[in-house]
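For reference, the structure discussed in these notes is given below.
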Amino acid sequence: MHHIFVYGSLKRGQPNHPYMIDSNNGKAEFLCPAVTVQKFPLVIATKYNLVFLLNLPGQGKRIHGEIYKVDEKMLKYLDWFEKVPTMYQRTVVELEVKMADKEEKLSPGSIMEAFVYSTTTYQPDWPSLPTYDNYDANGDHGLKFVPREDRK
Ligand code: PCA
């Protein structure tokens, strides 16, 4: 099993979450909410208003998201879904657990590592875009996420 931290469209209540809970794609079990130990710029970019974590530690904000335990099949599926390695890359990030999970013996405040889909390449202006600490497709930013099937 692998741990993966999701911060964008894959979170609960966000547009791509259904792909994570579709058992045809593999297994994913929600573990706990978490926040990155370091700051990163989380930006909304491209004409489709996609969400990207730029691998520039120390800039931006500490990012809130969710940790899942996934099997090999789901990890491979998500790599394909996130277009690794062209669009996103799968890197490792340090996280602070926000809520306890009995089974995993995680306690609030404990530090763990998980995979994260950070951005492979980005436009020069992306680091100066507004940054967020907790992505919501329907947030005040008003930047409407364009689902995969509607992209041209
Ligand atoms: N999906 C992945 C990376 C960005 C996105 O929209 C996630 O939620 O973590």
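Yes or no, residue by residue, for (1) open to solvent by 80 Å² or more (accessible area, probe 1.4 Å); (2) over 18 Å from S9 (Cα atoms); (3) part of a loop (DSSP other than H, G, I, E, B):
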site	(1), (2), (3)
V35	no, no, no
K47	yes, no, yes
G65	no, no, no
D79	no, no, no
V92	yes, yes, no
E96	no, yes, no
E113	yes, yes, no
T121	yes, yes, yes
- request: Any chance you could count how many residues in the stretch 52-66 are within 11 Å of the ligand (Cβ to nearest atom) and either more than 13 Å from T120 (Cα to Cα) or at pLDDT below 95 (or both)?
  value: 3
query: Across the stretch 51-63, what is the number of residues that are in contact with a Gly (Cβ under 9 Å, 6 or more places away or on another chain) and either buried (at least 20 other Cβ atoms within 10 Å of the Cβ) or assigned to a strand (DSSP E or B) (or both)?
result: 3
statement: With criteria (1) under 18 Å from the mean Cα position of the chain (by Cα); (2) of a type in the set (A, V, I, L, M, F, W, C); (3) modelled with pLDDT under 95, L106 comes up short on (1)
message: I'd like the full set of residues that are surrounded by fewer than 19 Cβ atoms within 10 Å (Cβ to Cβ), part of a strand (DSSP E or B) and within 14 Å of the ligand (Cβ to nearest atom), limited to the stretch 20-31.
response: F30
task: Hey, can you tell me all the residues within the stretch 130-145 that are open to solvent by less than 50 Å² (accessible area, probe 1.4 Å) and either under 22 Å from Q89 (Cβ atoms) or free of Cβ contacts under 8 Å to residues at least 40 places away in the same chain (or both)?
output: T131, Y135, G139, F145
- request: Look at N55 and say whether it is of a type in the set (S, T, N, Q) and within 21 Å of R12 (Cβ to Cβ).
  value: no
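Among the residues of the stretch 32-41, is any of a type in the set (G, A, S), within 15 Å of the ligand (Cβ to nearest atom) and over 26 Å from P124 (Cα atoms)?
Initial filter on the stretch 32-41 (of a type in the set (G, A, S)): 34.
From what is left, the residues that are within 15 Å of the ligand (Cβ to nearest atom) are 34.
In the following step, the residues that additionally are over 26 Å from P124 (Cα atoms) were identified as 34.
Scanning the stretch 32-41 turns up at least one residue that is of a type in the set (G, A, S), within 15 Å of the ligand (Cβ to nearest atom) and over 26 Å from P124 (Cα atoms).
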query: What number of residues in the stretch 4-19 are open to solvent by less than 70 Å² (accessible area, probe 1.4 Å), within 12 Å of the chain's Cα centre (by Cα) and not hydroxyl-bearing (S, T, Y)?
result: 9
message: List the residue pairs whose Cβ atoms are under 8 Å apart, where the first residue sits in the stretch 9-21 and is farther than 17 Å from P33 by Cβ, the second is near the ligand (Cβ under 9 Å from one of its atoms) and among the hydroxyl-bearing types (S, T, Y), and the two are 6 or more positions apart or on different chains.
response: P15/S9; N16/S9
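The values are calculated or read from the model by the stated rules, or taken from the named source; none is laboratory data. Model, not experiment: these values are computed from the prediction. Note that we place each Cβ from the backbone using ideal geometry, even for glycine, and neighbour counts take in every protein chain shown. What goes into the accessible areas is simple: the full protein's heavy atoms, side chains included, and nothing from ligands, DNA or RNA. Shrake-Rupley method; radii C 1.70, N 1.55, O 1.52, S 1.80 Å.
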